[in-house]
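To keep things clear, I will list the structure first and then write my remarks on it.
Taken together, the values in this text are just the output of simple stated rules run on the coordinates, not laboratory data. Just so we're clear, the structure is a prediction, and the values are computed from it rather than from any experiment. Virtual Cβ from ideal backbone geometry, glycine too; neighbours counted across all protein chains shown.
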Amino acid sequence: MASLGARWAGPARSRLSRSALGIQDSHAFRSSRLWARPVTSSAKPSGDPNKSRLVPILAASACVAAGAFYLSGQANTRMDLAQDTADVAGKTLRITLSPSSLASTSTSTSTVESRVAFHDALEDNPPDVTALPIEHAVLTAAPHVPPPITRTHEALVKVDLTTAPKVVQVTNQHKYEAWTFNGTVPGPFIRARAGDVVELRLTNRDETGNPHNIDSHAFTGPGGGSALTNADEGEAKTARFRLLCPGLYVYHCAAAPVPVHIAKGMFGLMYVQPADDGDGTDGTMGGLPPVDREYYVMQSEVYHEPPEVDEETGRPSQTVEFSYPQGLREEANAVVFNGREAALTRDAPLKARAGETVRIFFGNAGPNLTSSFHVIGSHFRRVYRDGDVLSPPGRFVGTVGVPPGGATVVDLKAVVPGTYTLVDHAIFRIDKGAVGFLNVAGAARPDVYGSAEPPAPCVGCKLHT
Ligand SMILES: [Cu+2]
């Protein structure tokens, strides 16, 4: 089979890449030459007529089935559409209220199997990478999500990640030096499409001298990319990865010691859209039913030493240091959403309007604790468990378990206005920071939720405002 390396080793692209990247010689480029080998007679060229026939057949059957799947949902909900604009976390978005956003859908086993077969066939149909159109991935910091990809062809998607330490107000009491991708915890949300080739460039600007790399659960191959992207201080590494599997995946640094690099903040989410969902004109959003808003939330733990006490003043330091023993004992000092205690409360609560549908791409970086993710007062109308976006979703789910290194997609509907609280329902963790808000504006719904008495939140309540 023609490898990415073999195609990449073409002289024009090789020279261009090295000069354009302007980086030190790296193992990745040496490896790319090692990969280069002629395509033998046993290789499977992309023009293989058998495969060429197979893909359209699978694609056609999958598209027909997928089309029926989504159209059945749209047909079930016939309400007037309205265009609206709203401010979401400081950013004005133009949104379309869709009729099918929470439509009833059904997915037969055969439909799922045909969609799986479509994606299984990707492996045997490598693209001519030199001929792929080049795109630069839209990267967003949490809680924002890049827009759905609407193209219907494969692309070479360039993703630039830079590692650097950053001091963050990790809890309301303490600052902490996080290790970051692109200056944020979690790292940027990466959106691509099954069949794409991701060209990942990892630049290490960590002046502490730590090496860093990427293990993406979306990549297929030993180590998930870590050995190909391992970059020492001042280095940059570039490698290519064909996305064979659709779904929502965690990525993280896997440099030794791995638990430290994850606990320090080096993680994020990558969503690989299914490739059999057309161009989105049928109302889908990256292979999923349409919603009004999409958000990015990741849970993680912080392990730190007690603050040092200043000998002169007797006051404890406001800055705390990472604690390996604390992590080994799995005794988290803090459990947070989007990297710090106030990320989704004081700093940037999620927002929606009553009547809208909200999708949360939720990941759990761990490193130790399984999340029992729950939004108080709401229901997950759809749950794509374990980030599996081909199987039928769970319906009207209250709490979903998400293990370390796992992810899920949840859709909810903002019915009654007010503040909804995101929690890990291992509920002591609310006292460790695992609280976020979804603020819903709009008219009251006494037909759904009401009393003759005004609401009276309990004193000292962290969950309701
Ligand atoms: Cu690292």
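Restricting region 200-213 to residues that are away from the ligand (no atom under 11 Å from the Cβ) and surrounded by fewer than 23 Cβ atoms within 10 Å (Cβ to Cβ), the residue that is nearest to residue 132 (Cα to Cα) is 201. For residue 170, the conditions (1) of a type outside the set (Ser, Thr, Tyr); (2) away from the ligand (no atom under 14 Å from the Cβ); (3) surrounded by fewer than 24 Cβ atoms within 10 Å (Cβ to Cβ); (4) in a loop (DSSP other than H, G, I, E, B) all hold with the exception of (3). Applying the set (1) surrounded by fewer than 14 Cβ atoms within 10 Å (Cβ to Cβ); (2) assigned to a loop (DSSP other than H, G, I, E, B); (3) hydrophobic (A, V, I, L, M, F, W, C) to residue 415 leaves exactly one unmet item: (1). Scan region 419-426 and give yes if some residue there is touching a Lys or Arg at 6+ places or on another chain (Cβ under 7 Å), buried (at least 19 other Cβ atoms within 10 Å of the Cβ), in contact (Cβ under 8 Å) with a residue 24 or more places away in the chain and of a type in the set (A, V, I, L, M, F, W, C), otherwise no. No, every residue in region 419-426 fails to be touching a Lys or Arg at 6+ places or on another chain (Cβ under 7 Å), buried (at least 19 other Cβ atoms within 10 Å of the Cβ), in contact (Cβ under 8 Å) with a residue 24 or more places away in the chain and of a type in the set (A, V, I, L, M, F, W, C). Residues that are away from the ligand (no atom under 16 Å from the Cβ), within 21 Å of the chain's Cα centre (by Cα), surrounded by 20 or more Cβ atoms within 10 Å (Cβ to Cβ) and not aliphatic (A, V, I, L, M) are absent from region 180-187 altogether. Scanning region 146-154 turns up no residue that is more than 16 Å from the ligand (Cβ to nearest atom) and over 25 Å from residue 281 (Cα atoms). The requirement of being within 15 Å of the ligand (Cβ to nearest atom), under 25 Å from residue 430 (Cβ atoms) and under 26 Å from the mean Cα position of the chain (by Cα) is not satisfied by residue 337.
Residue 221 meets each of the listed conditions (1) away from the ligand (no atom under 15 Å from the Cβ); (2) small (Gly, Ala, Ser); (3) crowded, with 24+ Cβ neighbours inside 10 Å apart from (3).
Conditions (1) of a type in the set (A, V, I, L, M, F, W, C); (2) farther than 30 Å from residue 321 by Cα, marked per residue:
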residue	(1), (2)
128	no, yes
133	no, yes
150	no, yes
161	yes, no
169	no, no
172	no, no
175	no, no
